[in-house]
Amino acid sequence: MIDLLQLQFMQHALLAALLASLACGVVGTLVTVNRQTFLAGAVSHAAYGGVGLAMFLGLPVFPVTVLFTLAAALLMAQVVRRLPARADSLIGVLWAAGMSLGILLLDFSGGYNADLMSYLFGSILAVSARDLTLMAAADLVMLGVVLWYYKDFLAMSFDPEFAQALGVPVERLHSLLQGLIALAIVLLIQLVGLILVMALLTIPPMIAETRARSLGGTMALACLLALMVSLAGLFLAVRADLTSGAAIVAVAVGAYLLNAAALVWGRRLFSS
Amino acid sequence: MSQPRTPQPVVFIHGVTFAYNGEPALEDIHFTVYPGDYVAVVGPNGGGKTTLIKLILGLLRPQRGQVLVCGQDPRHRHAPIGYVPQHAAFQGDFPITVLETVLMGLPRHGRRTPGYRKDERAKALAMLDDVDLASMAHRRLDTLSGGQKQRALVARALMTDPQLLLFDEPTANIDPQGKVCLFDLFARLIPQRTIIVVSHDLIATASHVTSVAVVNRRLLQHHTIDEAMLTLMYGEHSPSCPISPYLHRLRRTHRDEG
C-alpha cells in the first residue's frame with residue numbers, strides 16, 4: 001500500500017479525490033436541499049456537449065466545458081423559472097440535446113477518441129498536475145462564493161419567499177447556484193465521469209442531511225463522507241482492477257443503504 | 001383650534017388591481033391599516049388573500065393603484081416587516097436548528113460572514129424566550145410540533161423589531177390547542193405592533209381582531225365579525241340581504257348573554 005502511495009499518479013488521484021470531495025460536499029448540499037437533482041443531472045449530461053465542442057475545435061477541454069455547461073445550466077434555470085409547468089419535459093429535451101451534440105461533434109472530429117471513455121466513466125488515476133491546479137482554483141472560487149453568500153443561500157434554500165421578503169435577490173442567487181453546479185459538475189467529470197457524477201454529488205449530502213443539524217454542518221459532513229467514499233472506492237479499484245468511478249459510486253451507494261438501514265432501525269428502536 | 005392628528009397608516013392601499021397573466025386576482029382594492037390594528041384577512045381559496053400579502057411585502061408590483069407601507073413603496077421600504085409565510089412555503093425536513101431559523105430573520109445588511117455575533121445570538125435567544133421555545137434552541141427544527149414550528153417562525157419575524165407583522169395562514173396544520181396558544185401569542189404582541197393575519201378560520205381569530213377584511217377579488221373592510229360573516233356568506237351586497245336565521249340566533253344569544 002505504501003509503495004502505491006509513492007507513485008505520482010496515485011498521489012494525483014488522492015489530491016483529486018480531496019478537491020472533488022470539497023466541491024461535492026459544498027455544492028452537492030445546495031443541490032440536495034434546493035431539490036435541484038434533476039436539473040443537475042440534466043446539466044451533467046449537457047456538459048458532454050462542451051466536451052465534444054472542445055475536441056471538435058481542438059481547444060482545452062476544461063475551460064470550454066465549464067463555459068458550455070454554465071450556459072446550459074443558466075438556460076435550464078430560465079426554463080424552470082419561466083415555464084414551470086413544462087420544466088421537466090423541456091429539461092429532458094435539453095439533457096438529450098446537449099449529450100447528442102457532444103457525440104455528433106466527436107463524430108465530426110474524426111476517429112475514435114480515447115478521452116471519450118474517460119469523460120463518460122471517469123479517470124481519476126489519469127489526473128494531471130495541470131488538472132489539479134484547475135480543480136484547486138475552481139474549488140477556491142466555489143468555496144469563496146458559498147462562504148460569502150452563505151446566509152443568503154441558507155435563507156433561499158430554506159424559505160425562498162421569506163428570503164425574498166428579507167431582500168435576498170433570490171433569482172440572481174438561483175442563477176449563481178446554477179453556475180456553481182456547472183463548475184462542480186465539470187470538476188467531478190474527471191473523477192467519476194458523466195454517467196456517475198450525479199451519484200457523488202447527491203449521495204454524500206443526502207446522508208449528511210439526515211445526520212447534521214445545520215446547513216454548514218451538512219456541507220462539512222458531506223465533504224468528509226465524499227472523501228471517505230472516494231478513497232475507499234479508489235483503493236478498491238486499484239486492488240481489484242475495477243473502473244475507479246464505478247467503484248467509488250458503488251461504495252457511496254453502499255454507505256447510503258447502510259445509513260438508511262440505520263435510520264429505519266433507529267426509528268423502530270425508538271418507537272418500541 | 002387644532003384638529004386631532006390622524007396617525008400615518010402602516011398600510012395604505014389605494015385603487016390597486018393585480019392580475020396573473022391577464023387573470024385578475026385583485027380589483028380596485030382599498031385597504032388602510034393604522035398603528036395598533038389587528039386585522040384578519042379572510043375569504044375563499046383563490047380570492048386573492050396571499051396576493052394582497054405579497055403586494056404589501058413588495059414581492060408583487062400592482063398593475064394599477066398605489067401600495068404604501070409606513071409611507072413608502074414596499075419595494076424600497078426601510079421599515080422592516082415581520083413575515084410568517086404559509087407552513088407549506090418552507091421545507092419541513094431542512095437541516096437547521098431552531099436558533100439558526102430565528103437568526104435568519106436578522107436584517108440582511110452586514111450579513112457577509114457565515115457566523116453570527118454574540119449579541120445576535122443573544123437577541124435570537126431572547127426572541128425564543130418570548131415564544132417559550134428557549135429550551136429548544138439547539139434542536140433541529142423538524143423535531144418540533146407544528147405549533148412550536150410556527151412559534152419559532154414568529155420569533156424569526158420579530159428579529160428586525162418590525163412595526164408590522166404579516167401572518168399567512170399561521171394556523172394551517174396546527175391542532176386546536178396549538179391554535180389557541182398561537183392566537184394568545186399574537187394578542188401578547190399587539191400592544192407594540194400592527195398585525196395582519198390571513199386566515200381561513202375567522203372564529204379562531206375573532207377574539208382579538210379589531211377589523212376583518214373580506215377578500216374575494218375585491219376587498220371589504222368591516223369592524224365587526226357579524227358584518228364580515230355576512231359578506232362571506234352573501235358577497236359584497238350583503239347589507240340588502242336578509243340576515244340568516246343562524247346569525248339571528250347567534251346575535252340573540254350574544255345579546256342575552258350580554
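A few comments on the model shown:
- Criterion applied to A:Arg81, A:Arg86, A:Arg172 was being without any contact (Cβ under 8 Å) to a residue 40 or more places away in the chain, more than 14 Å from chain B (Cβ to nearest Cβ), within 30 Å of B:Thr50 (Cβ to Cβ) and not aromatic (Phe, Trp, Tyr), and the one residue passing it is A:Arg86.
- All positions within region B:68-102 that are at pLDDT 85 or above and more than 21 Å from B:Gln163 (Cβ to Cβ): B:Phe94, B:Pro95, B:Ile96, B:Thr97, B:Val98, B:Leu99, B:Glu100, B:Thr101
- Qualifying residue in region A:139-147 (condition: over 18 Å from the mean Cα position of the chain (by Cα), within 25 Å of B:Thr113 (Cα to Cα) and modelled with pLDDT of 90 or more): yes
- Of all residue pairs spaced 6 or more apart or on separate chains, those with beta-carbon atoms under 8 Å, a first member in region B:54-70 that is within 12 Å of chain A (Cβ to nearest Cβ) and surrounded by 19 or more Cβ atoms within 10 Å (Cβ to Cβ) and a second member that is assigned to a loop (DSSP other than H, G, I, E, B) and among the hydrophobic types (A, V, I, L, M, F, W, C) are B:Lys54/B:Leu60; B:Val69/B:Val10; B:Val69/B:Ala79.
- Check on B:Leu52, out of contact with any His (no Cβ under 8 Å at 6 or more places or on another chain), among the aliphatic types (A, V, I, L, M), over 25 Å from B:Gln148 (Cα atoms) and part of a loop (DSSP other than H, G, I, E, B): no
Each row is one residue, and each column tells you yes or no for (1) at pLDDT below 90; (2) among the β-branched types (Val, Ile, Thr); (3) more than 30 Å from B:Asp93 (Cα to Cα).
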{"site": "A:Ala17", "(1), (2), (3)": "yes, no, no"}
{"site": "A:Leu30", "(1), (2), (3)": "no, no, no"}
{"site": "A:Val33", "(1), (2), (3)": "no, yes, no"}
{"site": "A:Gln36", "(1), (2), (3)": "yes, no, no"}
{"site": "A:Phe68", "(1), (2), (3)": "no, no, yes"}
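- Residue in region A:85-115 that is surrounded by the fewest Cβ atoms within 10 Å (Cβ to Cβ), counting only those that are at pLDDT 85 or above and polar (S, T, N, Q): A:Ser89
- Pair list, Cβ < 7 Å and 6+ apart or interchain, from region A:51-77 residues that are within 14 Å of A:Leu105 (Cα to Cα) to residues that are among the hydroxyl-bearing types (Ser, Thr, Tyr) and buried (at least 20 other Cβ atoms within 10 Å of the Cβ): A:Val51/A:Thr65; A:Val51/A:Tyr119; A:Ala54/A:Thr65
- When residues of region A:10-58 are limited to those that are under 30 Å from A:Phe158 (Cα atoms) and among the β-branched types (Val, Ile, Thr), the one farthest from the chain's Cα centre (by Cα): A:Val33
- The number of residues in region A:218-249 that are within 12 Å of chain B (Cβ to nearest Cβ) and farther than 15 Å from B:Asp93 by Cα comes to 4.
- Filter pass, B:Val41 being more than 10 Å from chain A (Cβ to nearest Cβ), at pLDDT 90 or above, part of a strand (DSSP E or B) and crowded, with 16+ Cβ neighbours inside 10 Å: yes
- Some residue of region A:238-249 being assigned to a helix (DSSP H, G or I), surrounded by fewer than 21 Cβ atoms within 10 Å (Cβ to Cβ) and either modelled with pLDDT of 90 or more or not aliphatic (A, V, I, L, M) (or both): yes
- For region B:155-164, taking the residues that are away from every other protein chain (no Cβ under 12 Å) and over 11 Å from B:Thr101 (Cβ atoms), the one that is surrounded by the fewest Cβ atoms within 10 Å (Cβ to Cβ) is identified as B:Asp161.
- Search result, residues across region B:92-148 that are away from every other protein chain (no Cβ under 14 Å) and in contact (Cβ under 8 Å) with a residue 12 or more places away in the chain: B:Lys123, B:Leu125, B:Met127, B:Leu128, B:Asp130, B:Val131, B:Asp132, B:Leu133, B:Ser145, B:Gly146, B:Gly147, B:Gln148
- All told, A:Leu7 meets the bar of being more than 13 Å from the chain's Cα centre (by Cα) and of a type outside the set (Gly, Ala, Ser).
- Counting only helices (runs of 4 or more DSSP H) wholly contained in region A:1-65, the ones carrying 3 or more residues that are hydrophobic (A, V, I, L, M, F, W, C) and crowded, with 16+ Cβ neighbours inside 10 Å occupy A:8-33, A:37-57.
- Cβ-Cβ under 7 Å pairs, at least 6 apart or on other chains, region A:125-148 side touching a residue at least 40 places away in the same chain (Cβ under 8 Å), far side among the polar types (S, T, N, Q) and part of a helix (DSSP H, G or I): A:Leu125/A:Ser244; A:Ala126/A:Ser118; A:Val127/A:Gln190; A:Asp131/A:Gln190
The values are calculated or read from the model by the stated rules, or taken from the named source; none is laboratory data. Since we're looking at a predicted model, the values are computed, not measured. Note: ideal-geometry Cβ built from the backbone for every residue, glycine included; neighbour counts use all protein chains shown.
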